[in-house]
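Structure, as structure tokens:
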Amino acid sequence: MTAIPASIRWLVESRANGRCEYCLLPAAVSFFPHEVDHIVALKHGGKTDPQNLAYACWRCNRFKGTDLGSFDPETGGFSFLFNPREQTWAEHFQLQGDRVNGLTPEGRTTVHLLQLNSGERMAERQRAAANRVDDDL
């Protein structure tokens, strides 16, 4: 594991407005602290550079691991995962109540691989909405 300097951690967290860049869960309601994720893992040649780092909740980071992509559950074709440095969340996902819907192959693949609609994930979004931590949820 590569040590990420505190200044870069702060930049990644502030750029994400304190919420996971994959599922949008605010860090304030997460049971475990959010983490800095290498979008392209070091083992795939990714760098510890702000352009390759995302702020991720522990669930998203664990489910993503070092994966770069998977299979779109709708088409069965290979798709890369959503990349928060190169893509816009609202173009790939839609929040309907407590459920995240993938709108594109990248969105659907990310929803599936990161298990964004598991019972625990939906309960987290309900708790965030009830606590009014983030108006976007």
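The values are calculated or read from the model by the stated rules, or taken from the named source; none is laboratory data. Treat the numbers as computed from the prediction; the structure is a model and nothing was measured. Every residue, glycine as well, gets a Cβ built from its backbone with ideal geometry; the counts of neighbours run over all protein chains shown.
In region 57-101, what residues are touching a Phe, Trp or Tyr at 6+ places or on another chain (Cβ under 6 Å) and either under 29 Å from Ala130 (Cβ atoms) or of a type in the set (Asp, Glu) (or both)?
Trp58, Cys60, His92, Val100
Looking only at residues in region 1-34 that are free of Cβ contacts under 8 Å to residues at least 40 places away in the same chain, part of a helix (DSSP H, G or I) and aliphatic (A, V, I, L, M), which one is nearest to Thr88 (Cα to Cα)?
Leu11
From the list Leu25, Leu53, which one is aliphatic (A, V, I, L, M), at pLDDT below 95 and within 13 Å of the chain's Cα centre (by Cα)? Show your work before the answer.
Details: Leu53 fails: at pLDDT below 95.
From the options Leu25, Leu53, the qualifying one is Leu25.
Could you list, in sequence order, the residues of region 96-117 that are touching a strand residue (DSSP E or B) at 6+ places or on another chain (Cβ under 8 Å) and in contact (Cβ under 8 Å) with a residue 60 or more places away in the chain?
Val100, Thr110, Leu116
May I ask you to list the residues in region 35-50 that are within 15 Å of the chain's Cα centre (by Cα) and in a loop (DSSP other than H, G, I, E, B)?
Residues of region 35-50 within 15 Å of the chain's Cα centre (by Cα): 35-41.
Listed by number, the residues that qualify are Ile39, Val40, Ala41.
Which condition from (1) in contact (Cβ under 8 Å) with a residue 60 or more places away in the chain; (2) assigned to a strand (DSSP E or B) is the one that Phe82 breaks?
(2)
Can you tell me which residue is farthest from Ile39 (Cα to Cα) among those in region 109-128 that are within 13 Å of the chain's Cα centre (by Cα) and part of a helix (DSSP H, G or I)?
Looking at the filtered set, the residue picked out is Arg121.
Pairs, please: C-beta under 6 Å, at least 6 apart or cross-chain, first residue more than 18 Å from Gly107 (Cα to Cα) and in region 45-70, second at pLDDT below 95 and of a type in the set (S, T, N, Q)?
From region 45-70, the pairs are Thr48/Thr2.
Among the residues of region 100-123, how many are surrounded by fewer than 21 Cβ atoms within 10 Å (Cβ to Cβ) and modelled with pLDDT under 95?
Adding up the residues that qualify gives 4.
Could you pull out the residue among Thr75, Thr88 that is of a type in the set (Ser, Thr, Tyr) and within 24 Å of Glu13 (Cβ to Cβ)?
Being of a type in the set (Ser, Thr, Tyr) and within 24 Å of Glu13 (Cβ to Cβ) holds for just one of Thr75, Thr88, which is Thr88.
State the number of residues belonging to region 85-107 that are under 12 Å from Tyr22 (Cα atoms), in a helix (DSSP H, G or I) and not hydrophobic (A, V, I, L, M, F, W, C).
3
Can you tell me which residue within region 94-130, out of those that are of a type in the set (Gly, Ala, Ser) and out of contact with any Lys or Arg (no Cβ under 7 Å at 6 or more places or on another chain), is nearest to Leu81 (Cα to Cα)? Talk me through it step by step, then tell me what you get.
Quick first cut of region 94-130, residues of a type in the set (Gly, Ala, Ser) only: 97, 102, 107, 118-119, 123, 128-130.
In the following step, the residues that additionally are out of contact with any Lys or Arg (no Cβ under 7 Å at 6 or more places or on another chain) were identified as 97, 107, 118-119, 123, 128-130.
Values: Gly97: 23, Gly107: 7, Ser118: 18, Gly119: 22, Ala123: 23, Ala128: 25, Ala129: 26, Ala130: 29 Å.
Residue satisfying both the conditions and the ranking: Gly107.
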